[in-house]
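The values are calculated or read from the model by the stated rules, or taken from the named source; none is laboratory data. The structure presented is a predicted model; accordingly, all values stated were derived computationally and were not measured. Glycine gets a Cβ as well: all are built from the backbone with ideal geometry, and neighbour counts include every protein chain shown.
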Amino acid sequence: MRFLRRTRSEAGTKDLIYARLEEAMERPECPICLLLTKAERGLIEEILYEHVQDPAVRKQLRSSLGLCPYHAWLLHDISLSRPEMNGLGVTIIYEDMLSTYLEALTSGEEQESKVGSGPCIVCEHVMEFEVGYVEAFAERAVRTDLLATYEESPSVLCIRHYRAVRDALKEVGGEATEVLERLKAIQGRKIESLIKLMREYVRKQDYRVKEEITAEEARAWRVALHVLKGGRNSPSILSYKIPKPKRGILAKLSRRKRG
Ligand SMILES: [Zn+2]
Ligand SMILES: [Zn+2]
């Protein structure tokens, strides 16, 4: 899919990916969850706007009978939010999916049982994006000032993505070990300050306390949810394990350091 190719080719240029991460860090959320949510929606929009009649994409869609349940319903929501689509693209796609199912149903029990058991293409691409963003974060933490930007920002990596970046840095070793120590310290300080904000919020509930509750204190519990569970709409709530970096920029960096 073009969306994916575009992002991959840009992965080598520091500025664009750095800028994306930096922009995502402007919000009190996990920057990787945020970027994944955008990428996931972009993939679905691309299917709806550009690939409705694409035979290769259609074939992949048939293998899962039209995406996994989570992404099929996301596609539903995106379609409804775009009145200009008029339901045409989704009708064409899901008529084909239902016809594919009917053919299997009438062909015998074995065919009926097998149809639709293939992988969801959006899940597959999201997983690649996730590995890519984790690698990009780790790699830029080593060779740019990304960690300083992260430290200054209101964003907090969710546990899942902290662990993934940690594992990626561990893979690299050497200089990255110090970077990991720094990341761990920053992560700890961010979580500590969130806990403080939440305690202040609770303390100020007492009618004898006259201090105003700040906006930061009021939203702290929601940021805590982001940290503990990932972004609300983030595909990171999917339960697959993030694969280890193998071919990406970080792997190259790692080979360079070992060699
Ligand atoms: Zn996350
Ligand atoms: Zn899916």
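Data table
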item	result
Residue selected from the range 1-47 under the condition of a type in the set (G, A, S) and in a helix (DSSP H, G or I), by the criterion modelled with the lowest pLDDT	S9
Tabulated pairs, the range 138-153, first under 10 Å from E22 (Cβ atoms), second assigned to a loop (DSSP other than H, G, I, E, B), C-beta under 7 angstrom, 6+ apart or interchain	T149/M25; Y150/M25; S153/M25; S153/E26
Residue match in the range 167-176 (condition: basic (K, R), farther than 27 Å from L74 by Cα, at pLDDT 90 or above and within 16 Å of ligand 1 (Cβ to nearest atom))	no
Breaking point among (1) small (G, A, S); (2) modelled with pLDDT under 95; (3) assigned to a helix (DSSP H, G or I), for G116	(3)
Answer from R166, R140 - the residue that is among the charged types (D, E, K, R), part of a helix (DSSP H, G or I), more than 16 Å from ligand 2 (Cβ to nearest atom) and within 20 Å of G231 (Cα to Cα)	R166
Members of the range 22-81 found to be without any contact (Cβ under 8 Å) to a residue 40 or more places away in the chain, farther than 18 Å from E124 by Cβ and small (G, A, S), listed by number	S79, S81
Residue among L183, L225 that alone is surrounded by fewer than 19 Cβ atoms within 10 Å (Cβ to Cβ) and either within 16 Å of ligand 2 (Cβ to nearest atom) or under 24 Å from R20 (Cα atoms) (or both)	L225
Residue in the range 229-249 that is under 27 Å from R143 (Cβ atoms), modelled with pLDDT of 75 or more and of a type in the set (V, I, T) present	no
Of residues in the range 67-89 being among the small types (G, A, S) and loosely packed, with under 14 Cβ neighbours inside 10 Å, the one nearest to ligand 2 (Cβ to nearest atom)	S81
Residue that is more than 27 Å from the chain's Cα centre (by Cα) and crowded, with 19+ Cβ neighbours inside 10 Å, where the choices are V115, V122	V115
